[in-house]
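K.L.:
Before anything else, here's the structure in question.
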Amino acid sequence: MDFAFDRTHHDRQGNRRADEEWRKDPTLRVLVLGGEHVATVDGPALRWLAPADAPEGEWILLGEHEGVTHVAVIVGRVPKELAPVSLRILAPLLSGPELSLAIHAVGIARWIAGHSYCSRCGEYLSVESSGHLLRCHACGTDHFPRTDPAVIMLITDEDDRALLARNPRWPEGRFSTLAGFVEPGESLEDAVRREVDEEVGIQVGEVRYAASQPWPFPASLMLGFFGRATTTDIHVDADEIAQAAWFTRDELVELGEREEIVLPPPHVSISRWLIEQWAGREIPGAWS
């Protein structure tokens, strides 16, 4: 695994969502979650319960993996005895299949939590299709899970230096790639160019897709790109970006070794993956 949530490992079995026959499956195992916290065992693994041991809550059909049907039950707060841990913290410690199931569960749970009322008429929505549809019985509108596309990009110049930046809320020395949400009527490539221009005043020409990462905190799909700058003078916007700079590979390694710069944690964010793909090696230093 190069970064967390890099691909789906389970069969989502959308054709089973229309009824609840899956509740009778003898292989059924249940994950308890509240917000972005999931139940765990005493170690880096999810805790799967038998249906009879699961608390009351909204059930979500996740699908099948290796002959076992997995579901999640949404509660207000995961009980302490089930050792709740934030999925953000747990992500680098879990196996690919467990991450695949957990990201699906948390994404659906957070969508349901944030969409209680119909955006058309204001009436209460009911959860249907095994957690994958919210229906308004007052006006007949169906609401489907929301995903907000966002671009995240590593920009390089003609000298093959990488552009990294620091958010104003971050401490000194913490850097990452640039990122931003795609606007209506905008292509992904144009979103990359616009965000870089707005945040650091750099013009970007060629844009090349790299990889994607679902990020349900709360509802994003991160679309990773490499881009080539046509200008190099930096002018930070002082709103979303406090500091930005160009780095060579050697400079980034040396600064990391001296702990003068820290990057996103490895095996979690696609941002770190983009940087290390460009660098061709692991970079020391990561924030916790």
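Every residue, every condition in (1) closer than 23 Å to Arg249 by Cβ; (2) in contact with a helix residue (DSSP H, G or I) (Cβ under 8 Å, 6 or more places away or on another chain); (3) at pLDDT 95 or above, yes or no:
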{"residue": "Phe144", "(1), (2), (3)": "no, no, yes"}
{"residue": "Asp157", "(1), (2), (3)": "yes, no, yes"}
{"residue": "Arg161", "(1), (2), (3)": "yes, no, yes"}
{"residue": "Phe175", "(1), (2), (3)": "yes, no, yes"}
{"residue": "Glu186", "(1), (2), (3)": "no, yes, yes"}
{"residue": "Glu189", "(1), (2), (3)": "no, no, yes"}
{"residue": "Glu198", "(1), (2), (3)": "no, no, yes"}
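K.L.:
Another question, if that's okay. Among residues belonging to region 13-38 that are in a loop (DSSP other than H, G, I, E, B) and of a type in the set (A, V, I, L, M, F, W, C), point out the one that is surrounded by the most Cβ atoms within 10 Å (Cβ to Cβ).
P.N.:
Applying the filter and picking the extreme gives Leu28.
K.L.:
Is one or more of the residues making up region 141-154 without any contact (Cβ under 8 Å) to a residue 60 or more places away in the chain, among the basic types (Lys, Arg) and either in a loop (DSSP other than H, G, I, E, B) or over 30 Å from Glu206 (Cα atoms) (or both)?
P.N.:
No, the conditions are met nowhere in region 141-154.
K.L.:
Would you check if Gly76 is among the small types (Gly, Ala, Ser), assigned to a loop (DSSP other than H, G, I, E, B) and free of Cβ contacts under 8 Å to residues at least 24 places away in the same chain?
P.N.:
no
K.L.:
Something else now. Of the conditions (1) free of Cβ contacts under 8 Å to residues at least 40 places away in the same chain; (2) outside any helix (DSSP H, G or I); (3) within 21 Å of the chain's Cα centre (by Cα), Ile89 clears all except one; give me its number.
P.N.:
Result: Ile89 passes all but (2).
K.L.:
So which pairs qualify, if the first residue must be in region 29-44 and assigned by TED's automatic domain parsing to the domain that holds Ile108 and modelled with pLDDT of 95 or more, the second must be surrounded by fewer than 24 Cβ atoms within 10 Å (Cβ to Cβ) and hydroxyl-bearing (Ser, Thr, Tyr), the Cβ gap must be under 7 Å, and the two must be at least 6 apart or on different chains?
P.N.:
Between residues of region 29-44 that are assigned by TED's automatic domain parsing to the domain that holds Ile108 and modelled with pLDDT of 95 or more and residues that are surrounded by fewer than 24 Cβ atoms within 10 Å (Cβ to Cβ) and hydroxyl-bearing (Ser, Thr, Tyr), the close pairs are His37/Ser86.
K.L.:
Return the residues of region 258-277 that are assigned to a helix (DSSP H, G or I), in contact (Cβ under 8 Å) with a residue 12 or more places away in the chain and either surrounded by fewer than 19 Cβ atoms within 10 Å (Cβ to Cβ) or not assigned by TED's automatic domain parsing to the domain that holds Ser176 (or both); say none if nothing qualifies.
P.N.:
Gln277
K.L.:
In addition: Would region 150-172 turn up any residue that is among the hydrophobic types (A, V, I, L, M, F, W, C) and under 30 Å from Ser130 (Cβ atoms)?
P.N.:
Checked against the condition, which is being among the hydrophobic types (A, V, I, L, M, F, W, C) and under 30 Å from Ser130 (Cβ atoms), region 150-172 yields at least one hit.
K.L.:
Then there's this: Could you list all residues from region 94-117 that are free of Cβ contacts under 8 Å to residues at least 60 places away in the same chain and surrounded by fewer than 20 Cβ atoms within 10 Å (Cβ to Cβ)?
P.N.:
Once the filter is applied, which keeps residues that are free of Cβ contacts under 8 Å to residues at least 60 places away in the same chain and surrounded by fewer than 20 Cβ atoms within 10 Å (Cβ to Cβ), region 94-117 yields Ser95, Ile112, His115, Ser116, Tyr117.
The values are calculated or read from the model by the stated rules, or taken from the named source; none is laboratory data. Everything numeric here is computed off the predicted structure, so don't read it as measured data. Positions of Cβ are generated from backbone atoms using ideal geometry, with glycine treated the same way; all protein chains shown enter the neighbour counts.
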